[in-house]
Amino acid sequence: MAMNMKLLLIDDEEGIRRMLGMSLADLGYDVHTAADGQEGLKLFDWLAPDIVLLDIKMPGMDGIEVLRNIKARKIDAEVIMISGHGDLDLAIKSLQLDAVDFVTKPIRDEILQIALKRARDKLSMRREIKANTDNLERLVAEKSARVVELERQVAVGQVVESLTEAMSALAGDIGNAANAGGEAGQAPGPFNEIPCFVSVHNRYLEIVATNRLYRERLGDKVGCNSWEVYSGRLGRGNGCPVWMAIETGKGQRRRELLVDRNGQEIPAIVHTAPITGRDGRVEFVLEFSVDVTEVKRLQDELRTAQQKYQEIFDASPAFISVHGLDFRIREANRMFRECFGAGVGERCFEAYKHRDRPCTECLVHKTVKEGHTVETETVVTDREGQPINVLIRTSPIRDEKGDIVEVMEMATDITQLRQLQDHLSNLGLMIGSMSHGVKGLLTALDGGVYKVERGLAKGDQAKVVEGWGVVTSMVGRIKKLVLDILYYAKSRHLNHESVEVAGFAQSLAEIVGPKAERQGLSFGLDLAGSLGAFEIDEVALSSAMVNFLENAMDACTSDAAKAGHKVVLRARADAEAVYFEINDNGIGMDRETREKMFTLFFSSKGAKGTGLGTYISGRIIAQHGGRVRVESTLGQGTTIHVAVPRFKADIRPMDPAERQIAREACQ
């Protein structure tokens, strides 16, 4: 199978080139080797090999770039990629660039032979298809321009009626051939080249001429009855296509079973066309029959392959979608549909960004513009409004002309990975943001120590007291900073205790009310009836609620479009839960901001916000078994609904040290 096939091996490892080259030569390949991508491309242009074995990881030009250059040359060669890493992304990228297969090092003989066979089969099929296509086009152009239009993959098109008049001129020749004997049993020359069974029948249901393919497959039937070639058709009047054409004077198109020279049945599509004489009577019937066995086999294989790839597409553990240039989703796998609920025809930015216009950094647009794979990380929201961290890769899909017609997008859910990074990122961000403050406090502390030392040296009690006051103040402030870091960065358990709801709400009002007054805002507290008590970690929940209230005040002070801003805290309760509502008439939020506001490091305040406060507040509510719901309209205001269960069981209380840290950090 491999005899005389030229094979080019490109690998930077000399041992691989030597040993693998010897193995391939033993298999019958004419092997040539190159040590890097540049040398490989030069040798490829000179050699024009049938198969290329190409290593991915090479110094200088890597295997992916070499593959792209080879495919750009449009030479009839198949490329098998080799990798020592088994990287799925590299395998996908290789197959996207039309590599025939992907094997990993160390290379097993049986795996390599399977890949080589696949390459040979693909080459053979492509060349056979090209040869058949070229031959068929030549035959159609030269021999049968007015005979038939071939049905692609199925059978002869329904053109018999249009041929009837043209074939009438042949009737005399066919009649002469039928009366001459010997070579007269062959159909006229052009029909011998047609790749289907062609026969001519007289009005007495006798076969008078056949083409070469008919004789080779079905046998020499000249002189036999027309119905004998069909399975299950016996005698005149049996409804065979030839008899029907004579009886009705019209062409027929039927599915029949033919019997070959070995007695085997051949499913076929049969076309018949009556040829009338000068008196208007049917003199002859021209019959074309097409064997559909091979077509059916190829159709079954195609259907199986399509089903297999659809199953792989749907079973892929990633969100996969195909987008048109109009941003509409053309295809989506099961995971994408279940998560985002997006159907074919919906626009991508509506499906998982909930926007009414394309994203600012649209990957589809960027992929089409740049013409290559694009990668980014972002946050999208599912059909329930929950944020999902995803790593997105897009690739262009091109037509036969090389023009980009669609873009495939694959998004991997990395939410759990980001959640695992939260603790470390939180601590790092807090330390970084406080470093300059700590430096200033230490400088002031040094000044206080200096005053104490000078006062002691000179016996100046007043200076000692002054310096010690500075030292005490700075130590307290440093302690507060350290406690803040510990409180926000430490993963801690809640310490539930029974707290009166009304008293808790009033304490929140006492904290934020003065600040609202200083900022010129109106603050209101609305308590609905008897609220009773609930079991919470008062310190933690208080910090979360204060954060929400301060964000509401910031939304009002940022709104210059209207006057008379107001923030209202409402509380109500039932037997199962306590409900808080924080309402403001500030700047409001769009949908994308609402859905991302509880994401780590997301802030709508620009440089004024760290993206930590709302994230931590949401996490505290979740630790209490509660939930947060946000309603907001851009330019009109925001309402935050917080629901907290009255009772919480099976929670380990904090130890005294943790409790003290939490209390002091939130003071």
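The values are calculated or read from the model by the stated rules, or taken from the named source; none is laboratory data. Just so we're clear, the structure is a prediction, and the values are computed from it rather than from any experiment. With ideal geometry, Cβ positions are generated from the backbone for all residues, glycine too; neighbour counts draw on all protein chains shown.
Quick notes
- Of all residues in segment 515-546, those that are farther than 17 Å from G564 by Cα, out of contact with any Leu (no Cβ under 7 Å at 6 or more places or on another chain) and not charged (D, E, K, R) total 13.
- K221 being closer than 22 Å to P195 by Cα, basic (K, R), at pLDDT 85 or above and part of a loop (DSSP other than H, G, I, E, B): yes
- Applying the condition of being in contact (Cβ under 8 Å) with a residue 40 or more places away in the chain and in a loop (DSSP other than H, G, I, E, B) to segment 269-293 and asking which residue is surrounded by the most Cβ atoms within 10 Å (Cβ to Cβ) yields V292.
- The residue of segment 253-268 that is nearest to N225 (Cα to Cα), among those that are part of a strand (DSSP E or B) and without any contact (Cβ under 8 Å) to a residue 60 or more places away in the chain, is V259.
- Qualifying residue in segment 296-304 (condition: aliphatic (A, V, I, L, M), closer than 28 Å to K221 by Cα and surrounded by 11 or more Cβ atoms within 10 Å (Cβ to Cβ)): no
- Those residues of segment 224-239 which are at pLDDT 85 or above and more than 16 Å from E265 (Cα to Cα), in sequence order: C224, N225, S226
- Residue in segment 392-404 that is farther than 23 Å from G324 by Cβ, outside the structural domain of R627 (by TED's automatic domain parsing) and of a type in the set (A, V, I, L, M) present: no
- All conditions in (1) at pLDDT 85 or above; (2) more than 17 Å from L116 (Cβ to Cβ); (3) among the small types (G, A, S) hold for A99, with the sole exception of (2).
- Residues being under 30 Å from R629 (Cβ atoms), outside the structural domain of R594 (by TED's automatic domain parsing), under 36 Å from the mean Cα position of the chain (by Cα) and modelled with pLDDT of 65 or more are entirely absent from segment 424-439.
Table: residues versus (1) on the phi > 0 side of the Ramachandran plot; (2) touching a helix residue (DSSP H, G or I) at 6+ places or on another chain (Cβ under 7 Å); (3) β-branched (V, I, T).
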residue: E216; (1), (2), (3): no, no, no
residue: K221; (1), (2), (3): no, yes, no
residue: G232; (1), (2), (3): yes, no, no
residue: P241; (1), (2), (3): no, no, no
residue: T248; (1), (2), (3): no, no, yes
residue: G251; (1), (2), (3): no, yes, no
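- Filter result (assigned to a helix (DSSP H, G or I), of a type in the set (S, T, N, Q) and modelled with pLDDT under 85) within segment 456-507: S473
- Residues being in a loop (DSSP other than H, G, I, E, B) and closer than 15 Å to D50 by Cα - total across segment 61-97: 5
- Within segment 87-104, none of the residues are exposed (fewer than 14 other Cβ atoms within 10 Å of the Cβ) and more than 25 Å from M408 (Cα to Cα).
- Candidates L54, L27 - the one that is touching a strand residue (DSSP E or B) at 6+ places or on another chain (Cβ under 6 Å) and of a type in the set (A, V, I, L, M): L54
- Test: residue in segment 641-653 that is farther than 16 Å from E581 by Cα, small (G, A, S), in the same structural domain as A540 (by TED's automatic domain parsing) and modelled with pLDDT of 50 or more: no
- Per the listing A115, A131, A141, A119, the residue uniquely at pLDDT 75 or above and more than 30 Å from G63 (Cβ to Cβ) is A131.
- Any hit, segment 112-127, residues being loosely packed, with under 11 Cβ neighbours inside 10 Å and closer than 23 Å to F44 by Cα: yes
- Subset of segment 12-59 (residues that are surrounded by 13 or more Cβ atoms within 10 Å (Cβ to Cβ) and aromatic (F, W, Y)): Y29, F44
- Evaluating P358 against the criteria (1) modelled with pLDDT under 85; (2) surrounded by 18 or more Cβ atoms within 10 Å (Cβ to Cβ) leaves one unmet condition, (2).
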